[in-house]
Amino acid sequence: MSNLTERASYLRGMAEGMKLSRENDEQKLLLEMLELMGEMAEKINELDEDMGEMEAYVEDLDEDLADIEDTLFGDEEEEEDYDEDDGDGEDEDGEEVEELEELAFDCPYCGKSVMLKSSDISFEESPVCEHCGKPFFTDIDDDEGEDEE
């Protein structure tokens, strides 16, 4: 884009060489237009630089988002290796399906870390710590504990 500022400068130089005067209305108009073109060329250069910075920033954000997606959902290649599980451990062709991921939980009671398969986690029943025997998600068992008392 620096070509625009160079061309505007060239035109201003030509106007100076032609000895255009601000006293003549037509020449004044030409000089004002040349000044405006120079300012526009500079502004376009600034916008072009800003856009380059924004493109780099968006690329960085896109890479960061891709990393987060990989962390949360796994790589697409890994997911393609697995078929849909309909709940019985087999896909629709009857082949056994491997579990996609294991999750680490720190027990809120004893603080020890326990690895659980994502398929072992149920919304109805909280997983239990293998070290202290207490449930990880207390709000699930709080409702059940009230019924038992």
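Quick one: would you say ILE68 is in contact with a helix residue (DSSP H, G or I) (Cβ under 7 Å, 6 or more places away or on another chain), among the β-branched types (Val, Ile, Thr) and open to solvent by less than 100 Å² (accessible area, probe 1.4 Å)? Against the criterion (in contact with a helix residue (DSSP H, G or I) (Cβ under 7 Å, 6 or more places away or on another chain), among the β-branched types (Val, Ile, Thr) and open to solvent by less than 100 Å² (accessible area, probe 1.4 Å)), ILE68 does not qualify. Listed by first and then second residue, the pairs linking a residue in the stretch 1-22 that is free of Cβ contacts under 8 Å to residues at least 12 places away in the same chain and assigned to a loop (DSSP other than H, G, I, E, B) to a residue that is open to solvent by 60 Å² or more (accessible area, probe 1.4 Å) and basic (Lys, Arg), with Cβ atoms under 7 Å apart and 6 or more places separating them unless they lie on different chains, are ARG22/LYS28.
Every residue, every condition in (1) at pLDDT below 90; (2) closer than 30 Å to GLU102 by Cβ; (3) in contact with a Ser or Thr (Cβ under 9 Å, 6 or more places away or on another chain), yes or no:
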residue: ASN45; (1), (2), (3): no, no, yes
residue: ASP50; (1), (2), (3): no, no, no
residue: THR71; (1), (2), (3): yes, yes, no
residue: ASP83; (1), (2), (3): yes, yes, no
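Of all the listed residues (GLU32, GLU42), the sole one being in a helix (DSSP H, G or I), acidic (Asp, Glu) and without any contact (Cβ under 8 Å) to a residue 24 or more places away in the chain is GLU32.
Exactly one residue among LEU11, LEU47 is open to solvent by less than 100 Å² (accessible area, probe 1.4 Å) and touching a helix residue (DSSP H, G or I) at 6+ places or on another chain (Cβ under 8 Å), and that residue is LEU11. Taking the condition over 30 Å from ASN3 (Cα atoms), modelled with pLDDT of 55 or more and either of a type in the set (A, V, I, L, M) or not in a helix (DSSP H, G or I) (or both), does LEU100 pass? Yes; evaluated as a whole, the condition is true for this residue.
The values are calculated or read from the model by the stated rules, or taken from the named source; none is laboratory data. Just so we're clear, the structure is a prediction, and the values are computed from it rather than from any experiment. Cβ coordinates were reconstructed from backbone atoms using ideal geometry, including for glycine residues, and neighbour counts include every protein chain displayed. SASA here: full protein model, heavy atoms, side chains in, ligands and nucleic acids out. Shrake-Rupley method; radii C 1.70, N 1.55, O 1.52, S 1.80 Å.
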